[in-house]
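**Student:** Structure below; questions to follow.
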Amino acid sequence: MSAIRPAAVVVLAAGEGTRMKSAIPKVLHEICGRSLVGHVLAAARELDPENLVVVVGHAREKVTAHLAEVDAAVRTAVQEEQNGTGHAVRVGLERLGGGVDGTVVVVCGDTPLLTGATLAQLVAAHEADGNAVTVLTAEVPDATGYGRIVRDGVSGVVTGIVEHKDASEAVRAIREINSGVFAFDGQLLAEALKQVRTDNSQGEEYLTDVLGILRGAGHRVGASVAGDHREIAGINNRVQLSEAGRILNDRLLTAAMLGGVTVVDPASTWVDVSVTFGQDAVVLPGTQLLGGTRVGEGAVVGPNCRLTDTEVGAGARVDNTVSYGSWIGAGASVGPFAYLRPGTRLGGAAKIGTFVETKNAVVGEGTKVPHLSYVGDATIGDYSNIGAASVFVNYDGQEKHHTTVGSHCKTGSDNMFVAPVTVGDGAYTAAGSVITKDVPPGSLAVARGQQRNIEGWVARKRPGSAAAKAAEAAVRQGEGED
């Protein structure tokens, strides 16, 4: 949090973003589980501003609805026509009642790599130097398309910002660029915005013109240089979106590794900003950890897992698994090739094995569902074993029904549990059974037809076939042995 609390932060998010070539508003595109504007809001909130306003315009209904979900306290201001950044800031200030006493920070809604620490550095420099405006700048390898920071050749003081389209060749050679992020004296900003003109190549009100206006009036104009130029990168197309996603992902994984997590292959591992880890967790290659997923102490996840909003308990092992909205207990084992759907809760040391799918299922401590099964709308007690190829038949075509299997039960392979049905504690079920009635505790349920062998059927019905010849040879061999 900044030591100096700004009076307001204004986020500019009204643009259409045509280069994204998308029906989704640019600022709503996501990287690492958060929208572009959501990342900016998170950084702005680290300043603890007295007011936070987002200027919306294009697709305002979608953007406003999203803002209400991610930050209910944020205010919105509508820029009916996109007449430039200066106009947008003026609209934002009007939403706050006009001139604001104190520092006003202006940020762009498409800079997801910007950090709260860099914003705090900007505000601190602005206050310490007593500037009317302080611009966040950076030196970049390629400044094409950015506004250039023009400084006095002797003193180094910022004298203005020239947009790329309006710049001479000499100015275009400058590598220090405007980030679009500023700290202003609120009252001076409001007055200067009234003087901004539109006599430029775009016919728009440039916020950057405010620097020249304030300097011309004798006020101090300063700059704060970002330590990493990538922080100020704006997103204008899908290539830049992907590049920013990789940078942010690397940042998140680096923080995790420095915090005591082993990430075997960061290049193939992706995490969202809301993912958390316990110490000594291990993430194997090809893994995606999304949403509110938490990986507990000493747990091993991967390879090739995609876990969304999933809690993995301490010491658990999750291998080649897809999981949504599930809870995996301490020491549990999942996979390979398992699918945990929302509502799944696995007790400590439970096992969900190969090609097993669960949904809205509570599986008790030490219970095993090892192979080729579907467990839906069910509760299974502790230390039970569900045989291979079992199906909890929960849907009758109109409604879902619940199955309960008790503790210390042993169910046979190829069982069908037709819900609603209960298997009592300590009960057994025979292989191949279709369980349609409750099974009392300690009972053996057998629900299958009696086997009947029709001898000579192949020879009569499939004469001359390979099967008939094999059977005839087997019979002769058996007779010979006798």
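**Student:** Go through the residues of the stretch 214-225 one by one and say whether even a single one is under 37 Å from the mean Cα position of the chain (by Cα) and not small (Gly, Ala, Ser).
**Tutor:** Yes, there is a match, as at least one residue in the stretch 214-225 is under 37 Å from the mean Cα position of the chain (by Cα) and not small (Gly, Ala, Ser).
**Student:** Condition test on VAL369, is it of a type outside the set (Ser, Thr, Tyr), farther than 16 Å from VAL391 by Cα and buried (at least 24 other Cβ atoms within 10 Å of the Cβ)?
**Tutor:** No; evaluated as a whole, the condition is false for this residue.
**Student:** Something else about it: Going through the stretch 84-134 one residue at a time, which ones are in a strand (DSSP E or B), within 20 Å of GLU163 (Cα to Cα) and over 32 Å from the mean Cα position of the chain (by Cα)?
**Tutor:** If the condition is that a residue be in a strand (DSSP E or B), within 20 Å of GLU163 (Cα to Cα) and over 32 Å from the mean Cα position of the chain (by Cα), then VAL133, THR134 are the ones that fit.
**Student:** Let me ask something else. Residue by residue through the stretch 21-43, note down the ones that are buried (at least 19 other Cβ atoms within 10 Å of the Cβ) and either among the small types (Gly, Ala, Ser) or at pLDDT below 95 (or both).
**Tutor:** GLY33, SER35, GLY38, ALA43
**Student:** So which residues in the stretch 211-225 are surrounded by 16 or more Cβ atoms within 10 Å (Cβ to Cβ) and more than 14 Å from HIS126 (Cβ to Cβ), if there are any at all?
**Tutor:** If the condition is that a residue be surrounded by 16 or more Cβ atoms within 10 Å (Cβ to Cβ) and more than 14 Å from HIS126 (Cβ to Cβ), then GLY212, ILE213, ARG215 are the ones that fit.
**Student:** While we're on this one: Name the strands (runs of 3 or more DSSP E) wholly inside the stretch 387-481 in which the number of residues that are touching a strand residue (DSSP E or B) at 6+ places or on another chain (Cβ under 8 Å) and free of Cβ contacts under 8 Å to residues at least 24 places away in the same chain is 2 or more.
**Tutor:** The strands (runs of 3 or more DSSP E) meeting that bar are 421-423.
**Student:** With (1) more than 24 Å from the chain's Cα centre (by Cα); (2) open to solvent by 10 Å² or more (accessible area, probe 1.4 Å); (3) modelled with pLDDT of 95 or more; (4) farther than 24 Å from LEU113 by Cβ as the list, and GLU61 as the residue in question, which single condition is left unmet?
**Tutor:** Only one criterion is unmet by GLU61, namely (1).
**Student:** So in the stretch 136-157, with the set limited to residues that are in a strand (DSSP E or B) and either touching a helix residue (DSSP H, G or I) at 6+ places or on another chain (Cβ under 7 Å) or open to solvent by 50 Å² or more (accessible area, probe 1.4 Å) (or both), which one is farthest from ARG220 (Cα to Cα)?
**Tutor:** Out of the qualifying residues, it is GLU139.
**Student:** Give the number of residues within the stretch 219-268 that are in contact with a strand residue (DSSP E or B) (Cβ under 7 Å, 6 or more places away or on another chain), touching a residue at least 24 places away in the same chain (Cβ under 8 Å) and not hydrophobic (A, V, I, L, M, F, W, C).
**Tutor:** Result for the stretch 219-268: 6.
**Student:** Taking ALA338 and the conditions (1) in contact with a Ser or Thr (Cβ under 6 Å, 6 or more places away or on another chain); (2) over 21 Å from LEU284 (Cβ atoms); (3) surrounded by 20 or more Cβ atoms within 10 Å (Cβ to Cβ), which numbered condition does it fall short on, given that it satisfies the others?
**Tutor:** That leaves (2) as the condition not met.
The values are calculated or read from the model by the stated rules, or taken from the named source; none is laboratory data. From a predicted model like this one, the values you see are computed outputs, not experimental measurements. Reconstructed Cβ throughout: ideal geometry from the backbone, glycine too, with neighbour counts over all protein chains shown. Heads up: the accessible areas ignore ligands, DNA and RNA and are worked out on the full protein's heavy atoms, side chains in. Shrake-Rupley method; radii C 1.70, N 1.55, O 1.52, S 1.80 Å.
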